[in-house]
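Taking it in order: structure first as structure tokens, then the write-up.
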Amino acid sequence: MDIEPLIDSELALAGKKIVLTRASHQAKEFSERLREAGAIPIGIPTIEIVPPLDGGTKIQDALNHLDLYKWIIFTSTNGVDWFFSSQPQLEKLQHINIAAIGPSTAQKLRQLDISVDLVPDNHVIEGLLEEFPEAPPGGRVLIPRAAVARNLLPKTLKSCGWLVDDIEVYRTIIPVKEDKTVELLKSADAIIFTSSSTVQNFISMFGLGNIPELVVSIGPITSQTIRHAGLVPHVQASPSSTAGIIQALQSYYSIDSSS
């Protein structure tokens, strides 16, 4: 016999103080969605996005030779932002296949009127590799992404016969810690980590002793980093997106309140 939950999932986040660790410029929309769900978002960025060390020289060279590429793979919304800030010739992109790691990245591209040819069902690099096409003779792929990123994507594509240009278009650094942040952390109910960098940088900034009670992960790779740090990812989003995180939180607190 099914037992009806004692709290509506739409009200499950009411009054919950939830820490967002992503970069400040990315947190606004996420904060608004949490507020709509009744939560109280607390922005404590643990990453800051800055230009590449080469000042954009490599990506500009790639943009000058876009006709060489069969595919461009975007692994984050940041990659989209920094790639298009370099002002590529949009008409040349019409002849290139575009892949996005997940729905948020795909949405960002479509907002720029860029058609997306591949979004994997499993929104991680492994999922993208499972669905990526075989390499034609001389097939070349451009991957504009962060300076420090997993090597799995370019390494696997190369082993499958693709020519790969894995180019840094931005870097993530640890931001300056603001006053009274520790007090905010101590008052929070949950913390959301949206990448391995947010986990690692949080620990560098605040240590393990200031983690809120509930640890939330955007997906399996971030959860792995959380575990390696000696923590437990109590909630993992599925799909790996903002909407997935909110749904997972609502489900968690609904079950917790009805138990």
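The values are calculated or read from the model by the stated rules, or taken from the named source; none is laboratory data. All values derive from a computational prediction rather than experimental measurement. Virtual Cβ from ideal backbone geometry, glycine too; neighbours counted across all protein chains shown.
For region 22-57, a residue qualifies if it is surrounded by fewer than 23 Cβ atoms within 10 Å (Cβ to Cβ) and among the polar types (S, T, N, Q), and the qualifying residues are Ser24, Gln26, Ser31, Thr57. For region 94-116: of the residues being closer than 12 Å to Ile73 by Cα and not in a strand (DSSP E or B), which is modelled with the lowest pLDDT? Per the criteria, the residue is Gly102.
Among the residues making up region 182-198, those that are crowded, with 18+ Cβ neighbours inside 10 Å and either free of Cβ contacts under 8 Å to residues at least 40 places away in the same chain or more than 25 Å from Pro103 (Cβ to Cβ) (or both) are Leu185, Ala188, Asp189, Ser196. Might you check whether a residue that is small (Gly, Ala, Ser), more than 17 Å from Ile49 (Cβ to Cβ), out of contact with any Ser or Thr (no Cβ under 9 Å at 6 or more places or on another chain) and assigned to a helix (DSSP H, G or I) occurs anywhere in region 183-194? Yes - at least one qualifying residue is present in region 183-194. For region 230-244, the criterion of being at pLDDT below 95, surrounded by fewer than 17 Cβ atoms within 10 Å (Cβ to Cβ) and touching a Pro at 6+ places or on another chain (Cβ under 6 Å) is satisfied by no residue at all.
Out of the residues in region 151-176 meeting the condition of being among the charged types (D, E, K, R) and without any contact (Cβ under 8 Å) to a residue 24 or more places away in the chain, tell me which one is nearest to Gln60 (Cα to Cα). Break it down into steps so the answer makes sense when it comes.
Step one: list which residues in region 151-176 are among the charged types (D, E, K, R), which gives 155, 158, 165-166, 168, 171.
Next, only the ones that are without any contact (Cβ under 8 Å) to a residue 24 or more places away in the chain stay: 155, 158, 166.
Working: Lys155: 23, Lys158: 22, Asp166: 13 Å.
If we take residues in region 151-176 being among the charged types (D, E, K, R) and without any contact (Cβ under 8 Å) to a residue 24 or more places away in the chain, then Asp166 is nearest to Gln60 (Cα to Cα).
Here the condition is being assigned to a loop (DSSP other than H, G, I, E, B), surrounded by fewer than 18 Cβ atoms within 10 Å (Cβ to Cβ) and within 15 Å of the chain's Cα centre (by Cα); of Arg150, Arg171, it holds for Arg150 alone. Scanning region 98-147 for residues that are in contact with a strand residue (DSSP E or B) (Cβ under 7 Å, 6 or more places away or on another chain) and among the hydroxyl-bearing types (Ser, Thr, Tyr) yields a count of 2. Residue check: Gly161 meets all listed conditions (1) at negative phi; (2) out of contact with any Leu (no Cβ under 9 Å at 6 or more places or on another chain) but one, namely (1). Only a single criterion out of (1) surrounded by fewer than 17 Cβ atoms within 10 Å (Cβ to Cβ); (2) in a strand (DSSP E or B) is not satisfied by Thr156, namely (2).
Looking across region 1-34 at every residue that is of a type in the set (D, E, K, R) and farther than 21 Å from Pro45 by Cα, the one that is modelled with the highest pLDDT is identified as Glu10.
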